[in-house]
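Structure record follows, encoded as structure tokens.
The values are calculated or read from the model by the stated rules, or taken from the named source; none is laboratory data. Since we're looking at a predicted model, the values are computed, not measured. Neighbour counts run over all protein chains shown; Cβ positions are idealised from the backbone, glycine included. The protein model used for the area step is the full one, side chains on, heavy atoms only, and it has no ligands, DNA or RNA in it. Shrake-Rupley method; radii C 1.70, N 1.55, O 1.52, S 1.80 Å.
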Amino acid sequence: MSATLTQAAVSRVRGKGVGGLLLPRLFQAGLVAWMVGTLTFVLTRTLPGDMAYRIAAGRYGHDMVNTAAAEAVRAELALEQPALTAYFGWLWDLVQFDLGRSLVSGAPVVHELWHQLGHSLGLAASAVLLSLLLGPPLGLAAGLRPGGALDRASEVAASVLRALPPFAVGLLLILLFSVTLGWLPAAGHGRTAHSVLPALTLALALAAVSSRVARNAMADVSQSAYYAFSRTKGLSERLSFLRHGLRNAAVPVIAYLGVQFVTLIEGVVVVETLFAWPGIGHALVHAIVARDVPMIQGTALVMGLLFVALNTLVDIVCHLLDPRRRQA
């Protein structure tokens, strides 16, 4: 199935210019915004419990909540209004690019998300960079010698890492580097050391897949006619790899990153919560607990649009890397 997804990601930019890629993505972004916002609105409305009590607990603390505080919140936020009225009010605000205000803090959702998004993007960028340093080089080396010792060992390691959920990998890293060795902090934010374990947790999941994609791509390239011809005309193995192997093998790896961004965005929620990282994933969990509907909708909306933007970036990079698509 992963091979099919990779081929689909590679082929969807064939025959399109950069402008031809952006227009469908803009329509997709609008559709994602509406669908994500509607789904989160419906789901938060169907959660059990009293919404006013949850919001009051988020504002004043669980020990300070009583019936009077809940009723004051209910009246202030007009929580008794019909669901359709609230939904169309949110939809009208969305058309005006207004995500509303947090029901707990009272601050504009955009301001809250802007602060948290920076932390999440920094963590995601570190994870992608680490995964690119770990996965593709190992996969390219294994692909040059299919069936060798490195190929078999990397396949076993990738299978183990793919089978483990992100929270399990994170817990193992905490036990090893924080509890046993004491090299890195288990949680928190503020120093570079705090970002190592959460970034590594996300990077290992990405590297496990990208290494195998790079391995398969390199194995196909090394067995191709043009690669064999480059050796026949006198190029060394190193020059053949650099001139004809690396660029052709890079296209499916970069294309598959678009598929893997789903894993990255989903993993951010779990990893940020596990390591107390102040990003949008951590904020989403707290917003769900506090029943802060505008924050839930805004956070889910940003995560959905982020996925569309990252996939668009991957398509453009693939288009620029492969001259056959520009000629088409």
In the stretch 123-154, what residues are modelled with pLDDT under 85 and not aliphatic (A, V, I, L, M)?
Gly135, Pro136, Pro137, Gly139, Gly143, Arg145, Pro146, Gly147, Gly148, Asp151, Ser154
Of everything in the stretch 25-60, what is assigned to a helix (DSSP H, G or I), open to solvent by 70 Å² or more (accessible area, probe 1.4 Å) and of a type outside the set (Val, Ile, Thr)? Give them in sequence order.
Leu26, Phe27, Leu31, Trp34, Met35, Leu39, Leu43, Arg45, Tyr53, Arg54, Tyr60
Hey, Leu172 surrounded by 14 or more Cβ atoms within 10 Å (Cβ to Cβ) and modelled with pLDDT of 85 or more or not
no
Which of the residues belonging to the stretch 78-105 are over 15 Å from His286 (Cβ atoms) and open to solvent by less than 40 Å² (accessible area, probe 1.4 Å)?
Leu79, Ala86, Tyr87, Gly89, Trp90, Leu94, Leu99, Gly100
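When only residues in the stretch 106-117 that are open to solvent by 80 Å² or more (accessible area, probe 1.4 Å) and at pLDDT 85 or above count, which is farthest from His282 (Cα to Cα)?
Here is the first cut: in the stretch 106-117, the residues open to solvent by 80 Å² or more (accessible area, probe 1.4 Å) are 111, 114-115.
Of the ones still in play, those that are also at pLDDT 85 or above are 111, 114.
On the way: His111: 16, Trp114: 14 Å.
Checked the stretch 106-117; the qualifying residue farthest from His282 (Cα to Cα) is His111.
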Exactly one condition in (1) in a helix (DSSP H, G or I); (2) at pLDDT 85 or above is not met by Pro185; state its number.
(1)
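Identify all residues within the stretch 186-223 that are of a type in the set (Ser, Thr, Tyr) and under 21 Å from Ala141 (Cβ atoms); write none if there are none. I'd like the intermediate steps shown before the answer.
Of the residues in the stretch 186-223, the ones of a type in the set (Ser, Thr, Tyr) are 192, 195, 201, 210-211, 222.
Hits for the stretch 186-223 are Ser210, Ser211, Ser222.
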